[in-house]
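Worksheet: the structure to be examined is printed underneath.
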């Protein structure tokens, strides 16, 4: 509809129906966009806690069946080999997920008491979903408030069966055990505001949730969907029911499509998929694992029995999925069958497959059919998503795993007529000119059927290898120190694996930095390759002092102060590498050059090998301010914001700009005016003093000299005409304060400063001064500036005593970290002496002239380790990175389980009481005893006393 078309709300229902009918073809096309699977998380039997571990199980042809663990129930109390025995089960086997009684409630902000009342279905869903998001490179905390949808398939309520004592019900019972709460709790914990539903469609549950999630994405109801299912075996009752219905295998294994098939073995499992529209996944450069082309669901209607599948309905749902995805039957090369291994279900399913996918299929290219249930049993509510994960892994590894337990093909299946084959060993499934497409089928004993079509992920275009490897920052974090160490070990192992190293190192850093939530315990490293990162993480694990590694446990975001040095160092050449590599820094410096209205960049960064003379104050001071402007803008862009600022000498102007008192352009005007005035000053001398904080009384007696800054070693720089400077040096020598003098082309004496500041004051009167947006501590006064004006710049240069007072006043702003933005680390050295507290952190942005991005990243890593928040999107501005599948968070689990209370001891017969008589104290004791009696005991006592009255 065009902009000139009437609004939908203004159309009559009949006209709206007509428009909808006309647009139906376009709507169908819009609703056929493939859905990308960008993340998978799972817990499946056999120790398959990751997709990699699950693939190893499949590839090696293992089954995960085992005797029923004693932790679930005492099998001897329920086992009877005779089918049909009331209250008994004739099987002793299943496929179980390890550690379902364990949980990490603190990670999710759940109290231990509530955790013990939570159905493990809910707990496992939280963990697996978090892992799926991390594997997708999506920070779970960034989804808060989003329209992300949650679709969970589940069918059993075993946990509620364990609670047989009503006295154990508490305020957490309802929210801890309801099926609907499983999806609701996921949305609640993650702060999601999209659709959230738990679906019970029996054994089709998780495949139905995937279908619903795809619909929700295609209609725009949500932009990201979490879909999957879960099933745990916690109570013997469901197994007793299954045995009563003769569903379970007597021999204790799934023999799908085999003549000996006698039912299935129950299995546990949880699987969650992270889904996006393909266009969104491409735009987000997500790790596309596979595509969902189409899906459908229906009901069997009337069949030979409610729990018996209907072949016609199965064929119908498969055709509906093909139509929805625009896929032809002959394009499929593999089907992951429901395949429960029942004498009735297997032939019906195989006939339906042949009916839909058999016509037009060459006999030499049969449809390959398998079932993961031969490996992990029937995971019921999670069966469909387990099948999807198996197919995705098979596509990634270009190999179809073997279908187990097929010895004698089921004679009720027309093997000769149907163009199907079951792989009894691993089968190559390579990517080629023909796109690989597969189907996954599920049908439930309630009659619900579902079918999902999967296609291989689009071929990734090979990334061009870059030039010289650039330094990168890599951040790992966890909620506890042990979890961080475990995570670091996983990264060390991952960085040595070929699966990870296929991706550029910078992509791995990008994923780790942007695709994970930031927690208090952190380690940040600077490295240029997987090898270097692995070595540095290994050093962290050995608790060694390792270059490029910063670790910390910042339990709260630190309050940081920006410190701005003065004009004590020649700025030429400093920051060259940042100017070349960091657009934000470069733009800020160029902005200052435009404000100066004369060439500045060429003076700051002369060409390599070009002879250059020291800069005069008219360029040196604006150059210093320009470099500080670039650093401020770069730190702010990366998310590093000050809670207070302080400047020394010319650094006062940078502090004022950073605090928002006036713009950087106005600051350039003031500094340029000062520089031009100082150029007119005669030659003089400078004195470098080792401990400027001790000059409080001395400088008061030498008004002709000025403290102009702090050099890179934390020493004070005193400037003035030669005679007073030499006199000051002699005085300092007598007091035991070391100093050394040096000649300078322009003496910054008190008179010079006064003259320069008068010129600055005249310019400043035309500049609008604002109240500082962050506390600005003046080194002229040693106090916080409230409402500075033009007159401030007429003041005398700061004395050492005021500098110390200013540093202490800055500390009163609850500042825990100091970031120096100047040339060298002078203020850092001074600050450590003035405020030697070990809990304080000190950082110097540029420690030497040759420092560039790598050195600044080292400072950045220290800030991250200290707990600073980072604006990663701005850090990676104008950069293209693909997401990489990396190790996920390490939960610190402990046992949280609902333990039924022991049965109460048999009640003892109430003792016969003597008739209430005697002294008051004895009477009181008898009354107290009566109060402790139950109603039944009191009634019995009354009966026994009738004859005594």
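Any read-out appearing in this document is the output of simple, stated calculations on the displayed coordinates, not a laboratory observation. What you see is a predicted model; the values in this text were computed from it and never measured. Every residue, glycine among them, receives a Cβ derived from its backbone with ideal geometry; neighbour counts consider all protein chains shown.
For labels at residue 33 and residue 754 in the simple 7 Å Cα→Cβ model, what's the distance in nm?
Output for this residue pair reads 7.3 nm.
Beta carbons within 10 angstrom, averaged per residue: use that to sort the peptides 270-277, 364-371, 295-302, 125-132, highest first.
Top of the packing list down: 270-277, 125-132, 364-371, 295-302.
Based on the mean of other Cβ atoms within 10 Å per residue, sort peptides 352-360, 593-601 so the most packed one is first.
Taking the mean over residues of other Cβ atoms within 10 Å, the ranking is 352-360, 593-601.
Based on the Cβ-Cβ distance from residue 163 to residue 481, what FRET efficiency comes out when R0 is 25 Å, to the nearest 0.05?
0.10
Could I get the Rg over Rh figure for segment 529-633? Both from C-alpha atoms, Rh via Kirkwood, rounded to two places.
Checking Rg against Rh, the ratio lands at 1.12.
Based on the Cα gyration tensor of segment 751-871, what are the three equivalent ellipsoid semi-axes, each the root of five times an eigenvalue, rounded to whole Å and given largest first?
Working: eigenvalues 173, 60, 50 Å².
For segment 751-871, the ellipsoid semi-axes come out as 29, 17, 16 Å.
Kindly provide log₁₀ I(q)/I(0) values, in the same order as q = 0.10, 0.11, 0.12, 0.20 Å⁻¹, from the Debye equation applied to equal alpha-carbon scatterers of segment 77-203.
Reported log10 I(q)/I(0), two decimals: -0.41, -0.48, -0.57, -1.25.
Report the far tail of the P(r) of segment 139-227, meaning the percent of Cα-Cα pairs longer than 20 Å.
42
In whole angstrom, and with the biggest value first, how far do the Cα coordinates of segment 1-89 range along each principal axis?
So the three principal-axis extents are 75, 39, 21 Å.
Ignoring everything except DSSP H segments at least 4 long, calculate the 222 nm mean residue ellipticity for the chain; use -39,500 (n - 2.57) per segment, divide by total residues, nearest 500. List each step's numbers first, then the result.
Working: 35 runs with 351 residues, N = 949.
Calculated from helices alone, the mean residue ellipticity at 222 nm is -11000 deg cm²/dmol.
May I ask what percent, to the nearest 5, of DSSP beta bridges between residues of the chain are antiparallel?
65
What is the angle, in °, between the Cα long axis of helix 383-397 and the longest principal axis of the Cα atoms in the chain? Nearest 10 is fine, range 0 to 90.
Around 60 degrees separate the two axes.
Evaluate the distance, in nm, between pseudo-label points positioned 7 Å from the Cα of residue 460 and of residue 114 along their respective Cα→Cβ axes.
3.9
Quick one: pull the percentage of alpha-carbon pairs in the chain with a separation above 37 Å.
Counting every Cα pair in the chain, those more than 37 Å apart make up 60 percent.
If only Cα atoms are counted, what is the Rg of segment 472-553, and what is its Dmax, in Å?
Cα only, segment 472-553: 11.5, 32 Å (Rg, Dmax).
Using only the C-alpha atoms of segment 311-388, find the volume of their convex hull and express it per residue in Å³.
For segment 311-388, the hull spanned by Cα atoms encloses 104 Å³ per residue.
Let's test this: bin the Cα-Cα distances of segment 423-499 at 5 Å from zero up to the farthest pair and state each bin's percent.
Final binned percentages: 3, 8, 9, 11, 12, 11, 12, 15, 12, 5, 1, 1, 0.
So how far apart, in nm, are the two label points at residue 77 and residue 545 if each is 7 Å from Cα heading toward Cβ?
So the label points at residue 77 and residue 545 sit 6.1 nm apart.
Which length gain, in nm to one decimal place, applies between residue 188 and residue 812 when the Cα-Cα distance is subtracted from 0.36 nm times their residue separation?
Working: separation 624, 0.36 × 624 = 224.64 nm, distance 3.93 nm.
Fully extending the segment from residue 188 to residue 812 adds 220.7 nm.
In degrees from 0 to 90, rounded to the nearest 10, what is the angle of the helix 920-931 Cα long axis to the longest principal axis of the chain?
In the chain, helix 920-931 runs at an angle near 70 degrees to the longest axis.
So how much slack lies between residue 66 and residue 223, counting 0.36 nm per residue of separation and subtracting their Cα-Cα distance, in nm?
Contour length minus the Cα-Cα distance gives 52.4 nm.
Between residue 146 and residue 416, what's the calculated FRET efficiency when r is the beta-carbon distance and R0 is 41 Å? Round to 0.05.
Values: r = 54 Å, r/R0 = 1.31.
The formula returns an efficiency of 0.15 here.
Using only Cα atoms, tell me the angle between helix 617-637 and the longest principal axis of the chain; keep it within 0 to 90° and round to the nearest 10.
For helix 617-637, the angle is close to 10 degrees.
Give me the Kirkwood hydrodynamic radius of segment 308-444, using the inverse of the mean 1/r over all pairs of distinct Cα atoms, in Å to one decimal.
15.1
For the peptides 103-109, 212-218, 222-228, what is the packing order when you average, over each peptide's residues, the other Cβ atoms within 10 Å and list the highest mean first?
For the peptides 103-109, 212-218, 222-228, the packing ranking is 222-228, 212-218, 103-109.
Quote the relative contact order of the chain in percent (integer), defining contacts as alpha-carbon pairs under 8 Å separated by 6+ residues. Don't skip to the answer; put the middle values down first.
On the way: 2070 pairs, mean separation 119.5, N = 949.
With pairs under 8 Å counted, the relative contact order is 13 percent.
Determine the gain in length on full extension of the stretch residue 874-residue 557; use 0.36 nm per residue of separation and subtract their C-alpha separation, reporting nm with one decimal.
Length gained, residue 874 through residue 557: 112.2 nm.
I'd like the Kirkwood hydrodynamic radius of segment 53-124, using the inverse of the mean 1/r over distinct C-alpha pairs, in Å.
This gives a value of 15.2 Å.
Mind giving me the FRET efficiency for residue 529 and residue 663? R0 is 25 Å, r the Cβ-Cβ distance, nearest 0.05 is fine. Kindly include the intermediate steps, with their values, before the conclusion.
On the way: r = 42 Å, r/R0 = 1.67.
About 0.05, to the nearest 0.05.
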